[in-house]
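Accompanying notes for the structure given below.
The values are calculated or read from the model by the stated rules, or taken from the named source; none is laboratory data. Here the structure is a predicted model, which means the values were calculated and not measured. As a convention, Cβ positions derive from the backbone with ideal geometry for all residues, glycine included, and neighbour counts pool all protein chains shown. In case anyone asks, the SASA skips ligands and DNA or RNA and just uses the protein heavy atoms, side chains included. Shrake-Rupley method; radii C 1.70, N 1.55, O 1.52, S 1.80 Å.
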Amino acid sequence: MTGFDLITDHLPVLTVVIPLIAGFLTPMIGWIDRKLCWYWVMLTMFAVLLMTSSNLYTVITSGTIHYHLGGWTPPIGIEYVIDLLNGFVCLIIAFIGLMVGIYSIESIKKELPNKIIPFYSIFLLLITGLMGMTITGDIFNFYVFLEISSLTAYALIAMGDRGDGVVASFNYLIMGTVAASFILLGIGYLYAVTGSLNIADMQGLLPSIYDNKVVLAALAFFMVGFSIKVGLFPLHAWLPDAYTHAPSAASALIAGLMTKVGAYAMIRFMFSVFTPEFVIDITRMAEILTWAAALAIIVGSVLAIAQSDIKRMLAYSSISQIGYILLGVGLANVIGMQGGLLHILNHSLMKCALFLVAGAIFYKTGIRNLHQFQGLGKKMPVTTTVFLIAGLSMIGVPGTVGFTSKWYLALGSINAGQWIFVIVILISSLLNIVYFWRVFDNIWFGHPHEVEHIKRDEAPLSMLIPMVILAVLCIFFGLFAYYPLHYVLEPLSNALLGIGVLP
Amino acid sequence: MSGIIEIISAEFNYWIYVTLMMIGFYAMIAKKNLVKKVIGANIFQTAIFLFYISLAEVKGGTAPILLHGHDGADVAHEAVNEVIYVNPLPHVLILTAIVVAVSTTAVALALIIKIYQEYGSLEEDVILAYRRQLQPEFSEYARQKQEGEQ
């Protein structure tokens with residue numbers, strides 16, 4: 001067991017380093033045999049999943065992990081910190097990555113037959129970037145990982161639909177560069193006033209200079225930068241095109257993870273770099289965020305109704321779902337915060353399942369327009385059932401995950417005395433019914449004149465397994481939301497709002 | 001009037017970086033040519049690098065290279081205290097950020113080549129018009145339908 005003991009101390013950094021090295025080795029593996037790439041990615045993702053689970057378990061049982069890179073102590077060296085928040089988000093990244101990885105074998109073979117090796121290489125590098133963003137405790141290191149994840153996402157999107165993918169990717173690149181530059185500028189401002197780049201160190205140094213204009217400007221730059229990254233409503237222009245025109249597997253990965261990690265980063269900067277008093281009382285940034293989020297919830301849902309391309313509809317629905325996460329965060333009370341954080345998990349599960357279904361339907365029939373889905377329920381029963389479960393979950397039917405987080409968000413709004421947000425959540429749920437019911441209606445009750453020529457044919461097993469697992473988890477966490485809430489989110493929300501300390 | 005000039009000249013490095021940044025930002029938003037957008041992004045990022053570098057500057061400071069460091073331990077300590085160095089950390093950060101900016105530019109240029117191959121133009125208007133004509137609702141369905149008709 002000595003070999004295992006040797007690596008247990010280094011698990012935090014290995015979750016970043018292993019996908020990084022594996023990503024660079026992928027071309028070599030693919031050079032031996034192209035088919036080996038997928039097994040290699042599976043092996044890596046499985047290892048990462050085990051490591052992140054172990055990290056989260058360690059955090060729950062014995063408290064926050066601090067890992068000093070190269071043995072240098074924090075204010076000087078780079079530190080990796082895993083607390084409940086990023087342990088939780090890392091586990092989501094690893095899990096969704098594994099699911100999309102399993103799914104990708106068939107879908108990539110059909111959609112990108114000549115780009116299997118680059119796809120898997122970039123896939124692993126994207127996981128590296130997202131892992132690094134979540135796990136790091138140093139804000140400049142954070143910026144570098146942010147750019148790694150953005151650059152790989154641009155590449156993945158550019159591999160999509162011929163002609164459209166590259167334009168979508170270029171638009172995203174311009175918006176993403178503005179966002180990343182704003183974040184870099186914010187980091188520079190904070191470095192100028194504190195002389196530190198370590199998050200924990202900075203949180204201690206900042207409160208004495210909260211009346212400094214530079215700190216206020218830094219907060220503004222961070223909020224605008226992250227709003228672009230998560231696709232908050234007025235800054236969402238890159239998101240629908242990028243999600244629509246990426247390859248199916250990449251859409252599922254990017255929709256499931258990118259914006260969620262952006263939301264994580266926003267939470268981290270609001271509550272860990274700055275303190276809750278600063279964002280809630282001094283600048284009232286949290287309140288501004290709730291209103292922006294409420295607007296995003298409504299507008300995203302309304303725009304989703306107008307779409308006929310299923311992936312584009314799901315992309316607009318993502319904009320509204322991001323609104324839920326940020327609404328919960330902005331409410332800044334324990335219950336609302338739990339709802340928002342729980343929605344990070346829920347939305348990754350639901351949205352990933354929905355994009356995987358859209359990809360499976362496209363794989364089998366070549367159709368993405370939802371008016372052509374008539375009668376698909378009889379042709380692809382398992383796939384469409386997954387869509388039904390995930391769709392009901394998006395609407396927020398009791399017994400699914402969507403209900404739990406909406407329930408907590410509504411309770412949080414009532415606690416904060418903001419009844420209007422309860423109404424916003426209700427209206428948005430009704431709009432969700434409108435646009436999902438259109439699809440359900442076509443799938444289950446429509447006459448199959450467009451798909452008549454296709455015989456009853458289910459997607460391949462490697463596509464069905466991840467979709468079914470995600471659908472089962474949608475129901476599991478809907479019925480047993482107690483586990484994530486009790487073990488992770490409740491202590492976490494208290495800690496973020498400065499009410500209690502982390503265990 | 002002289003007050004304004006004093007304010008500007010006292011911290012002229014910040015004024016220059018803000019001006020450059022706004023020029024870059026304007027180019028990214030307003031220019032229709034995709035290459036000009038990338039140039040704008042580069043100016044924008046370079047402005048931020050200048051901001052970092054000017055942060056590091058200490059009046060009368062030398063390059064952060066240890067002087068007389070090899071003369072033995074005691075001498076080295078005194079020598080370090082005597083010399084004023086500029087702050088090396090922002091320089092190091094910006095070296096990393098330059099690498100990031102270069103890779104962003106590389107990806108952007110690669111995308112531009114693909115866009116040019118696809119649409120035969122780098123003007124945003126032309127590309128947009130071409131896409132509209134190709135696919136009325138920007139949707140996969142419209143394209144499939146069009147392909148079916150042909």
Which one of A:Asn171, A:Asn198, A:Asn141 is open to solvent by less than 10 Å² (accessible area, probe 1.4 Å) and not aliphatic (A, V, I, L, M)?
A:Asn198
Residue list for the range A:331-379, restricted to those being of a type in the set (Gly, Ala, Ser) and modelled with pLDDT of 85 or more
A:Gly336, A:Gly339, A:Gly340, A:Ser348, A:Ala353, A:Ala358, A:Gly359, A:Ala360
Looking at A:Ile148, is it among the β-branched types (Val, Ile, Thr), open to solvent by less than 20 Å² (accessible area, probe 1.4 Å) and within 11 Å of another protein chain (Cβ to nearest Cβ)?
no
Of everything in the range A:342-377, what is open to solvent by 10 Å² or more (accessible area, probe 1.4 Å) and aliphatic (A, V, I, L, M)? Give them in sequence order.
A:Leu345, A:Ile367
Give the residue that is most open to solvent (accessible area, probe 1.4 Å), with candidates limited to residues of the range A:378-405 that are of a type in the set (Gly, Ala, Ser) and more than 13 Å from A:Gln321 (Cα to Cα).
A:Gly399
Within the range A:57-84, tally of residues that are surrounded by 21 or more Cβ atoms within 10 Å (Cβ to Cβ) and part of a helix (DSSP H, G or I)
2
Identify, please: which residue in the range A:174-195 is open to solvent by 10 Å² or more (accessible area, probe 1.4 Å) and more than 22 Å from the chain's Cα centre (by Cα) and is, among those, farthest from A:Leu232 (Cα to Cα)?
A:Gly195
Residues of the range A:237-277 being open to solvent by 10 Å² or more (accessible area, probe 1.4 Å) and closer than 13 Å to A:Ala168 by Cβ, which ones?
A:Ala237, A:Asp241
Consider A:Leu43 carefully, then state whether it is in a helix (DSSP H, G or I) and either open to solvent by 50 Å² or more (accessible area, probe 1.4 Å) or free of Cβ contacts under 8 Å to residues at least 40 places away in the same chain (or both).
yes
How many residues does the range A:340-381 contain that are within 14 Å of chain B (Cβ to nearest Cβ) and touching a residue at least 24 places away in the same chain (Cβ under 8 Å)?
14
Can you name the condition, by its number, that A:Asp309 falls short on among (1) within 14 Å of chain B (Cβ to nearest Cβ); (2) touching a Lys or Arg at 6+ places or on another chain (Cβ under 6 Å); (3) within 15 Å of A:Met394 (Cβ to Cβ)?
(3)
Matching option when the condition is part of a helix (DSSP H, G or I) and within 19 Å of B:Thr104 (Cβ to Cβ), among A:Gly204, A:Gly256, A:Gly188
A:Gly188
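Please go through the range A:169-185 and pick out each residue that is small (Gly, Ala, Ser) and more than 7 Å from chain B (Cβ to nearest Cβ).
Of everything in the range A:169-185, those that are small (Gly, Ala, Ser) and more than 7 Å from chain B (Cβ to nearest Cβ) turn out to be A:Gly176, A:Ala179, A:Ala180.
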Counting only helices (runs of 4 or more DSSP H) wholly inside the range B:11-105, the ones holding at least 1 residues that are open to solvent by 70 Å² or more (accessible area, probe 1.4 Å) and modelled with pLDDT of 90 or more are B:12-30, B:34-56
Report yes if some residue within the range A:211-230 is closer than 27 Å to B:Leu50 by Cα, free of Cβ contacts under 8 Å to residues at least 60 places away in the same chain, surrounded by fewer than 21 Cβ atoms within 10 Å (Cβ to Cβ) and within 9 Å of chain B (Cβ to nearest Cβ); otherwise report no.
no
Go through (1) in contact (Cβ under 8 Å) with a residue 24 or more places away in the chain; (2) under 21 Å from B:Ala106 (Cα atoms) and name the single condition A:Val166 misses.
(1)
I need a count of the residues in the range A:186-202 that are within 7 Å of chain B (Cβ to nearest Cβ) and under 16 Å from A:Tyr143 (Cα atoms).
1
Search result, residues across the range A:218-251 that are within 30 Å of A:His66 (Cα to Cα) and either over 18 Å from the mean Cα position of the chain (by Cα) or of a type in the set (S, T, N, Q) (or both)
A:Ala218, A:Leu219, A:Ala220, A:Phe221, A:Phe222, A:Val224, A:Ser227
